[in-house]
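Every number in this text was worked out from the coordinates using simple rules, so none of it is lab data. Here the structure is a predicted model, which is why all the values come from computation and not from measurement. Note that we place each Cβ from the backbone using ideal geometry, even for glycine, and neighbour counts take in every protein chain shown.
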Amino acid sequence: HVIWKIGESDNSTSEFAFAPDRYKDFVGADFGYEDRYFLVGYSNPKKDFPYVLPGPDDNWAGSSHAAGCRTQVLNILFALETIDDQDEALLTIDLAGMFWGRSVLKVMVNDAVSYHELAHGADRVITGDIRAEDERLLKIPLSPGILHKGGNQVTLTILEGAWVAFDQIRLEGSSGMKLKVNSSAFVRSVKAADYELDTEGRVQPLLVDVEHLGDFKELKVRLDGKQIYATHLDSARYVLEVPMKAVKKHKTSYYQILADDALLDEGNVERSPQRLQTNADYVDTRMGTAHSRWMIAPGPWMPFSMVKLSPDNENAGWQSGYQPSIENVGCFSHIHEWTMAGLGIMPTNGRLQIQTGDQLKPDEGYRSRIDKATEEAPLGSYRVFLSDTKIWAELTATERASMMRFTFPQNQDGRVMIDLQIPAEYSYDLVDVDIRQVSDYRIEGISHQLSPRVWSNDADQEYTLHFVMEFDAPIKKTGVWKDEEVIGQNWLKGDKLGDAGMFVEFDTKTHPVVQVRTGISLVSLGNAALNLQTEISNPFGWDFSAVVNHQKEVWNDILHRIDISSDDRQEKVRFYTNMYRALCRNTWSDVNGDWIAPDEKVRHASDPSQVALGCDAFWNTFWNLNQFWNLVTPEWSSRWVRSQMALYDACGWLGKGPAGMEYIPVMVAEHEIPLMVSAYQMGIRDYDAKRVLDAMRKMQTTPATHVEGGFAGNRDLEPYLKYHYVPHEKGRFSNTL
């Protein structure tokens with residue numbers, strides 16, 4: 001029998017919002033966001049469910065070259081009053097029609113996932129011209145265990161291609177399945193947390209995921225018949241950390257969730273001793289990565305680190321890097337700085353392929369599909385299962401070095417690709433490369449890279465990436481490639497190459513788990529080796545977990561400087577993840593204080609803790625980041641000032657876009673000056689203040705000019721000094737402000 005349905009099966013979209021032809025209203029009505037939902041028995045299809053679901057190729061729904069790839073989500077929530085363990089169900093998605101070309105619709109029912117490739121539709125459907133032959137029926141069997149008593153969720157999204165239009169969506173099941181409707185609140189789930197909190201005694205939170213819908217005074221929670229929690233909620237979603245007293249051994253308890261005195265949900269919860277939660281444990285490094293930039297990706301990033309190891313899954317071009325809706329990985333690369341990239345690593349097996357491959361055609365390269373459900377990106381590590389090659393990939397890192405752990409299937413040799421030319425947001429030329437195997441366990445390499453004209457004709461990004469890579473298993477076979485040629489040797493040296501890299505193979509019958517640790521430097525191979533030795537080899541050896549724990553300890557030293565109080569776990573996740581992002585800029589000096597200045601000369605900081613810092617310019621940091629750095633991390637504000645003065649001492653100018661310690665004039669004005677002034681005003685003065693003032697005075701009185709392959713200063717300073725504002729015909733008038 002039909003448990004629920006949305007719409008009627010009548011070859012019409014008339015029951016849905018915006019039908020029959022107002023599809024462009026989708027974005028303006030805020031549909032498509034992950035937190036929006038249709039609640040069966042509560043929501044109104046005519047208002048709350050759009051007749052069309054756009055895909056990433058639909059520009060009218062927000063996707064564009066500038067805005068990035070926009071994937072839209074439709075969530076359907078429903079609760080079951082009763083369901084037997086052996087009950088099966090059938091979800092039917094009745095499509096009135098679809099885009100004429102190819103699309104891939106992903107359907108998630110709780111944790112069960114299915115993919116549906118669609119094609120040969122008709123564009124007239126989206127404007128209301130619907131015919132019987134346009135219908136497509138997607139029938140998705142739901143085996144026992146997929147649905148459960150209480151809250152359930154169906155999520156629809158188009159991963160590739162364009163729109164589909166709906167006729168009806170319905171769920172059918174056995175007679176034992178009964179829908180539950182409540183107009184006051186919807187309980188998505190209730191479970192015991194896998195951690196404890198220390199709040200006037202140790203507690204194990206009972207995580208209550210609830211949507212507030214209607215009028216009630218209090219949400220109450222009872223445990224084993226005793227009320228342990230009560231709170232007032234606004235109309236929103238909460239994941240409440242309801243405090244259950246921590247236990248020393250396993251215990252089963254009975255909970256009840258009530259709106260005032262009306263029962264919303266009840267059941268058993270399994271309690272057991274758990275680890276103590278830290279602020280670092282709330283960070284989700286995937287948050288904010290959708291349709292984002294190269295510099296924002298998931299992965300184990302340290303505060304102001306040089307190594308930013310992350311999964312890359314997009315093709316080269318604007319906003320490339322990581323897009324969470326793409327369910328494959330091209331490689332794991334080490335540098336994610338604005339205008340800079342390099343050193344991709346990818347475990348694989350099977351037929352040798354030397355190209356990464358297209359994000360839409362993963363079989364054409366060494367790229368692998370992933371099991372999205374296995375992807376984990378907490379602070380300190382990244383983990384995912386590569387489903388094409390059956391390899392587990394795990395990542396962690398320090399400031400200037402990385403460690404990766406690959407678990408291979410034992411039925412064939414494992415291979416690790418070391419790719420020097422990877423798809424990135426800013427393309428780069430391989431000016432010259434030199435990579436070679438120096439022992440059974442070690443690779444050393446140099447990749448001189450140039451991204452010309454990264455900002456108009458004013459600036460090039462040129463740097464030499466040095467790396468030292470060590471494996472904990474002996475290399476069985478080595479090969480290299482240049483352009484499209486594969487060569488069976490253990491070294492490669494060349495210049496002006498379109499593509500280059502090395503692959504190493506291992507006997508996975510003997511060594512199914514292979515670890516690799518890598519140090520990088522912009523200065524020299526010796527410094528890359530020193531960075532690796534200092535940060536990983538000496539303190540941690542091959543202990544992957546120790547590196548993960550070290551990163552969490554470093555972050556907790558900062559994140560615990562602000563402890564927020566909230567019963568809502570989501571608030572903590574958002575706060576500490578944003579705090580994490582605020583500190584993910586870049587260090588470009590080595591552990592011994594060496595760094596490369598814009599004139600490509602090696603400079604040295606006598607105090608290595610005074611690092612050379614780069615970033616994608618100080619975009620409006622005077623609104624929030626300056627104050628945050630000054631109040632919460634004053635040591636980093638001091639380092640910012642000293643790094644700017646190191647640039648000034650080296651080449652005579654401060655830098656507003658110091659990516660890779662270059663002068664890149666990406667923005668108007670000189671936003672590094674408010675950063676330095678605010679540090680002084682807030683008492684951070686462990687530097688020569690007079691010299692800092694002299695540097696700022698020069699920037700505000702000296703016409704801009706080309707400096708060492710870049711451009712420094714305010715381009716519109718001369719008309720400003722003459723007219724005391726910038727006429728629009730003389731430059732960028734915003735410089736007046």
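Close amide H contacts of G288 (hydrogens built in the peptide plane, cut-off under 5 Å, sequence separation of 5 or more or a different chain): none are found. For K139, the aspartates and glutamates whose Cα comes closer than 19 Å to its Cα, not counting residues fewer than 8 places off in the same chain, are E8, D10, D87, E88, D94, D111, E117, D167, E172.
Sites listed here are trypsin sites (Lys or Arg not before Pro) in segment 599-675 whose DSSP assignment is loop and whose Cβ has at most 16 other Cβ atoms within 10 Å: K601. Distance from the C-alpha centroid of segment 461-518 to that of segment 527-573: 28 Å, rounded to the whole angstrom. When the square roots of the Cα gyration tensor eigenvalues are ordered a ≥ b ≥ c, the ratio a/c for segment 284-558 is under 1.5, which makes its shape rounded. Enclosing the Cα atoms of segment 194-308 in their convex hull gives a volume equal to 153 cubic angstrom per residue.
Sort out for me the Cα centre separation of segment 202-271 from segment 588-610, rounded to whole Å. So the separation of the two Cα centres works out to 54 Å. Annotation for segment 304-372: trypsin sites (Lys or Arg not before Pro) lying in DSSP loop with at most 10 further Cβ atoms inside 10 Å of their Cβ are R351.
Stokes-Einstein, applied to the Kirkwood radius of the chain over Cα pairs at a viscosity of 1.306 mPa s and 10 °C, places its translational diffusion at 56 µm² s⁻¹.
Evaluated at q = 0.13, 0.15, 0.18 Å⁻¹, the base-10 log of the normalised Debye intensity for segment 2-180, with identical point scatterers placed on the Cα atoms, takes the values -0.62, -0.82, -1.17. Among 723-729, 581-587, sorting by the average number of other beta carbon atoms lying within 10 angstrom of each residue, highest first, gives 581-587, 723-729. Of the cross-linked pairs K372/K572; K191/K372; K217/K572; K5/K390; K496/K698; K308/K496, those separated by over 29 Å at the C-alpha level are K5/K390; K496/K698. The dipole here belongs to the chain: it is taken about the Cα centre, uses +1 on the Cβ of Lys and Arg and -1 on the Cβ of Asp and Glu, and is about 1100 debye. Kirkwood-type hydrodynamic radius, segment 1-96: 15.1 Å, calculated from all non-identical alpha-carbon pairs.
Of the peptides 156-168, 92-104, the order by per-residue mean of other Cβ atoms within 10 Å, starting with the highest, comes out as 156-168, 92-104.
Each principal axis of the Cα cloud of segment 634-681 was evaluated for its coordinate range; sorted largest first, these ranges are 26, 22, 17 Å.
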